[in-house]
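> Sharing a structure here in structure tokens format.
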Amino acid sequence: MSTTQSERLRGLLEPLVSARDLDLEEVEVTPAGRRRVLRVVVDSDDGVQLDTCAELSRDISKALDDTDAMGQVPYVLEVTSPGAERPLTEPRHYRRATGRLMRARLTDDGELVARIVSVDDEGLDLEVPGVKGRKPTARRLAFEEISKARVEIEFNRKPEDKAAGEDDESKEEA
């Protein structure tokens, strides 16, 4: 996709996405046989509901039909939210992943797996899991120290102790 087409598509789609209080994360056009696939990735601090994607897809489809932004070649439109293992590239991505485990490649060629505790304009506060029975440690990491990062999927994460205790207390009161 040419830079000009990418810019035109972003310019056309951004107001439609913003009108639904979403962020336009990615616009990608890829060949698929005799057609192309236009993939529009959107996100928000509260996540994206399937119904919202469907409504936005209808809005985008109408806007594309009213312009020549996609040219004359047939295309398939996909409106989606980011996948669970999407790259973390913007401060808002890290903020949305607060509480989750991430794997980061650092600019000094090191690698780090840690839980995101909090995020501000300069970087992250992390909890690095302890090794061999040791307690987790706190670490501060500036965004400039990260070359690549993504959320790690956790299939067997243990519930928080405090949350479990609150559930027990609320059952006793009932």
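The values are calculated or read from the model by the stated rules, or taken from the named source; none is laboratory data. Owing to the predicted nature of the structure, the values given are computational and were not obtained by experimental measurement. With ideal geometry, Cβ positions are generated from the backbone for all residues, glycine too; neighbour counts draw on all protein chains shown. Ligands, DNA and RNA are stripped out before the accessible areas are found, and what is left, the full protein with its side chains, is counted by its heavy atoms. Shrake-Rupley method; radii C 1.70, N 1.55, O 1.52, S 1.80 Å.
> Would you mind getting the accessible area per residue of segment 1-59, heavy atoms of the protein chains only, 1.4 Å probe, in Å²?
Per residue, segment 1-59 has an accessible area of 60 Å².
> Want the number for V117 to D21: 0.36 nm per residue separation, take away the alpha-carbon distance, what's left?
Additional length available on full extension: 32.0 nm.
> Still on this model: Where in segment 1-36 does the label zone of R86 land, with the point 7 angstrom along Cα→C-beta and an amide N cut-off under 13 Å?
Only 22-28 pass the distance filter.
> Still on this model: Would you list the membrane-span-like helices of the chain, meaning whole DSSP H runs whose alpha-carbon atoms span at least 20 Å along their axis and whose mean Kyte-Doolittle value is at least -1.0?
3-18, 50-65
> So if R0 is 35 Å, what FRET efficiency would E78 and A138 give, r being the distance between their Cβ atoms, rounded to the nearest 0.05?
With a Förster radius of 35 Å, E is 0.30.
> Taking the Cα-to-Cβ direction at E152 and at T30 and moving 7 Å from each Cα, how far apart do the two end points lie in nm?
Placing both labels 7 Å along Cα→Cβ, they lie 2.7 nm apart.
> So which GluC sites (Glu not before Pro) in segment 83-124 are both in a DSSP loop and have at most 13 other Cβ atoms within 10 Å of their Cβ?
Passing both the DSSP loop test and the Cβ count: E85, E122.
> Mind jotting down a quarter of the surface of the convex hull over the alpha carbons of segment 12-169, in square nanometres, one decimal?
Value for segment 12-169: 13.4 nm².
> Taking segment 20-88, which trypsin sites (Lys or Arg not before Pro) meet the DSSP loop condition and have no more than 16 other C-beta atoms within 10 Å?
Passing both the DSSP loop test and the Cβ count: R20, R34.
> List every residue whose amide H lies under 5 Å from the amide H of S81, counting only residues 5 or more places away in sequence or on a different chain, with H placed 1.01 Å from N in the peptide plane.
Here V42 satisfy the definition.
> Nearest 500 deg cm²/dmol is fine: what mean residue ellipticity at 222 nm does the chain get from its DSSP H runs of n ≥ 4 alone, each adding -39,500 (n - 2.57), divided by its residue count?
-9000 deg cm²/dmol
> When the Cα atoms of segment 92-163 are enclosed in a convex hull and the volume is divided per residue, what value in Å³ results?
Hull volume normalised by residue count: 109 Å³.
> How big is segment 3-92 by the Kirkwood estimate over distinct Cα pairs, in Å?
13.6 Å
> Over the chain, what percent of the accessible surface lies on carbon and sulfur atoms, probe 1.4 Å?
About 46 percent, which is the carbon plus sulfur part of the accessible surface.
> Taking the Cα centre of the chain as origin and charging only Cβ (+1 Lys, Arg; -1 Asp, Glu), how large is the dipole, in debye to the nearest 20?
Once rounded to the nearest 20, the dipole reads 880 debye.
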